[in-house]
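The values are calculated or read from the model by the stated rules, or taken from the named source; none is laboratory data. What you see is a predicted model, and the numbers here were worked out from it, not measured in a lab. Don't worry about glycine lacking a Cβ; one is built from the backbone with ideal geometry, like all the others, and counts go over all protein chains shown.
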Amino acid sequence: MRVVRKSLARKVVFLFLIFAVVLGVMVYHLSLLLSVDAVYWLVGYFGLVMFSVLVFYYLNVIRPLRKVVEQMQALLLGQSYKEVMSYRMDEIGVVAYFFNQVTKSIGKISGDLKEHDRMLDELSVASQLQKEILPAQNPEVEGLTIVAKSKPLNELGGDSFNVFRTKERVFVYIGDVTGHGAAAALIMAMVNTLIGVFVDINDSPYKVLVDVNRYIKTYVKRAMFMTLVLLSYDYATGKISYAGAGHENIIIYRKKYGECEVMMSGGIALGMVPDNSNLIKEINVDLEDGDFIILYSDGIVDAKNTAGDLYGLDRLKMAVKEYAQNYQAAGLNHQVARDVAVFMGNTAQEDDMTLIVIQKGEPTPEEKSDINFSSTKWVDNFA
Amino acid sequence: MKNYLSISRLGIDDERFAAFEFTGSFDSVGFKHNFTLLQAVLEEHDSEYLVFDFGKLTFINSRAVGFLIEAMNFLQESNRKLVLVGADGLVKDVLQTTGVFELIAFYPSLDAFKVSITT
């Protein structure tokens with residue numbers, strides 16, 4: 001019986017055989033009651049009806065259904081299959097239509113998955129390239145302690161920072177490109193490279209930013225821009241100066257007075273205008289040993305808590321003031337980052353976050369051995 | 001993320017400018033949800049000035065600043081000007097910090113702008 005149930009055709013044959021047996025028995029009993037001719041006519045007529053039913057059943061059920069089943073089997077076995085052409089409006093037509101719709105959806109999903117995998121591969125490559133551009137370790141610089149930490153929002157962040165050393169000076173920048181993703185990462189990479197080139201041929205942050213802006217505006221047509229602060233420190237004179245391109249304010253903490261001073265970075269973001277030479281300026285900063293300069297991206301001051309309040313510049317200044325007297329650069333960076341994390345609580349990060357603490361004077365051996373000193377990776381868990 | 005930005009036309013009978021009031025938070029979410037409206041605002045009004053009233057805006061980020069620069073460039077192609085009015089507090093700080101006010105005219109209020117184009 002299990003063998004018979006494998007196909008409709010076999011079922012029909014089986015039923016036909018049973019019917020034939022029943023008919024045979026009927027004919028025998030009828031032959032006892034009717035004439036031979038009458039029995040023959042009856043059997044013949046009945047046989048013709050049965051044959052017609054069988055033919056009709058085969059043409060309208062068995063054969064069209066077999067076509068659909070063949071394609072379904074091919075799909076299930078991973079073989080090539082094709083659309084089932086059917087204009088029927090009955091149950092067979094519904095099954096054929098359903099099969100065609102399912103295979104169309106499968107084809108689209110398969111295409112989308114392949115495209116998704118391809119894009120993930122490309123994003124992964126771009127993310128890796130970006131990680132290689134940004135410094136993984138904080139550099140050792142004569143006369144300064146620089147501790148930078150960054151936490152991108154996703155695989156391709158818009159925040160960037162770097163330290164470039166020339167024979168006479170060191171340049172430090174922090175930048176933030178509009179948006180996130182591949183386009184922002186490309187702009188970030190371009191600017192990073194351009195700064196690296198122009199610090200070798202310019203002796204001031206102002207000139208570097210004018211040159212970088214001119215190149216960026218030439219080649220980037222879309223209204224993408226990058227806010228940035230570029231700071232330079234002259235080894236011989238100890239002079240610190242900076243030029244801003246529409247970036248967040250700079251915080252200066254003077255240990256002697258225990259107070260924070262906020263200075264506007266000024267200028268206009270890179271990429272907004274073809275020539276920014278009249279719109280940015282270079283500002284000198286006098287620091288004594290132990291004093292701090294804090295650079296940050298807007299992801300810090302725009303960080304929100306569960307109530308929707310912003311962390312803000314005032315809280316940042318308070319955190320710096322609270323911890324700057326008792327910590328060196330690495331410790332201050334860690335404590336401020338922890339303050340931001342505590343403020344945010346369980347609220348999801350909404351933007352890249354970068355914090356750079358620069359202290360006049362070189363790190364002590366104890367600070368160098370601080371686990372927070374070397375890596376530029378933001379601490380994930382402040383517990 | 002919830003959209004907290006709404007944009008509405010200010011009913012002002014002056015053919016020299018069209019004014020739109022922004023309320024709430026002009027960030028990436030707000031920009032995305034109002035993208036079609038923002039495009040229509042730029043394309044459908046051909047008055048000389050397009051005024052964005054930011055008096056009721058509580059937050060703005062770099063995505064919105066990027067849109068303002070694009071809007072400014074788009075309007076400049078047809079000799080029209082983008083004007084910002086009313087921004088204060090955090091919003092004004094951001095616009096000032098990023099240098100937007102170097103490129104786009106700003107007035108403390110819509111009335112101050114009207115006076116400036118009358119005189």
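Could you tell me whether A:ILE252 is outside any helix (DSSP H, G or I) and touching a Leu at 6+ places or on another chain (Cβ under 6 Å)?
no
Just to be sure I understand, how many residues within the stretch A:182-239 are among the charged types (D, E, K, R), within 14 Å of chain B (Cβ to nearest Cβ) and in a helix (DSSP H, G or I)?
Going through the stretch A:182-239 one residue at a time, the tally reaches 1.
Quick check: is even one residue across the stretch A:87-99 under 38 Å from the mean Cα position of the chain (by Cα) and touching a residue at least 24 places away in the same chain (Cβ under 8 Å)?
yes
Search the stretch B:106-118 for residues that are at pLDDT below 90 and pair each with any residue that is among the hydroxyl-bearing types (Ser, Thr, Tyr) when their beta-carbon atoms are under 9 Å apart and the residues are at least 6 apart or on different chains.
B:ILE117/B:TYR49
Go through the stretch B:56-90 and give me each residue that's within 17 Å of B:ARG9 (Cβ to Cβ) and either in contact with a Ser or Thr (Cβ under 8 Å, 6 or more places away or on another chain) or assigned to a helix (DSSP H, G or I) (or both).
Result: B:LYS56, B:LEU57, B:ALA71, B:LEU75, B:ARG80, B:VAL85, B:GLY86.
Of the residues B:ASP13, B:ASP46, B:ASP53, B:ASP93, which single one is among the charged types (D, E, K, R), modelled with pLDDT of 90 or more and either part of a helix (DSSP H, G or I) or farther than 19 Å from A:GLU248 by Cα (or both)?
Every option except B:ASP53 fails the conditions.
Taking into account only those residues within the stretch B:100-109 that are of a type outside the set (A, V, I, L, M) and part of a helix (DSSP H, G or I), which is nearest to the other protein chains (Cβ to nearest Cβ)?
Taking the candidates together, the pick is B:GLU102.
Quick one: in the stretch A:165-210, which of the residues that are in contact with an Asp or Glu (Cβ under 8 Å, 6 or more places away or on another chain) and of a type in the set (Phe, Trp, Tyr) is farthest from A:ASN278 (Cα to Cα)?
A:PHE198
Just to be sure before I move on: is A:GLY267 surrounded by 14 or more Cβ atoms within 10 Å (Cβ to Cβ), facing chain B (nearest Cβ under 10 Å) and assigned to a strand (DSSP E or B) in the structure I sent?
no
Pick from A:LEU113, A:LEU75, A:LEU54: which is in contact (Cβ under 8 Å) with a residue 40 or more places away in the chain and part of a helix (DSSP H, G or I)?
A:LEU54
Which condition number does A:LYS281 fail, the rest of (1) within 34 Å of the chain's Cα centre (by Cα); (2) assigned by TED's automatic domain parsing to the domain that holds A:ARG214 being met?
Among (1) within 34 Å of the chain's Cα centre (by Cα); (2) assigned by TED's automatic domain parsing to the domain that holds A:ARG214, A:LYS281 violates only (1).
Count, please, the residues in the stretch B:64-94 that happen to be among the β-branched types (Val, Ile, Thr) and facing chain A (nearest Cβ under 9 Å).
Result for the stretch B:64-94: 3.
Which numbered condition in (1) surrounded by fewer than 16 Cβ atoms within 10 Å (Cβ to Cβ); (2) closer than 21 Å to B:GLN96 by Cα; (3) over 14 Å from the mean Cα position of the chain (by Cα); (4) of a type outside the set (Val, Ile, Thr) is the only one that B:ASP13 fails?
In the conditions (1) surrounded by fewer than 16 Cβ atoms within 10 Å (Cβ to Cβ); (2) closer than 21 Å to B:GLN96 by Cα; (3) over 14 Å from the mean Cα position of the chain (by Cα); (4) of a type outside the set (Val, Ile, Thr), B:ASP13 misses (2) alone.
Yes or no: B:THR97 surrounded by fewer than 18 Cβ atoms within 10 Å (Cβ to Cβ), touching a Gly at 6+ places or on another chain (Cβ under 8 Å), within 22 Å of B:VAL29 (Cβ to Cβ) and within 14 Å of another protein chain (Cβ to nearest Cβ)?
Taking the combined requirement at face value, the residue does not satisfy it.
Any residue in the stretch A:172-188 that is among the acidic types (Asp, Glu) sitting within a Cβ distance under 8 Å of a residue that is part of a strand (DSSP E or B) and at pLDDT 75 or above? List the pairs, counting only those 6 or more apart or interchain.
A:ASP176/A:ASP159; A:ASP176/A:SER160; A:ASP176/A:MET226; A:ASP176/A:THR227; A:ASP176/A:LEU228; A:ASP176/A:THR354
Kindly check whether there is at least one residue in the stretch B:18-29 that is under 12 Å from the mean Cα position of the chain (by Cα), within 14 Å of chain A (Cβ to nearest Cβ) and within 25 Å of A:LEU153 (Cβ to Cβ).
Yes.
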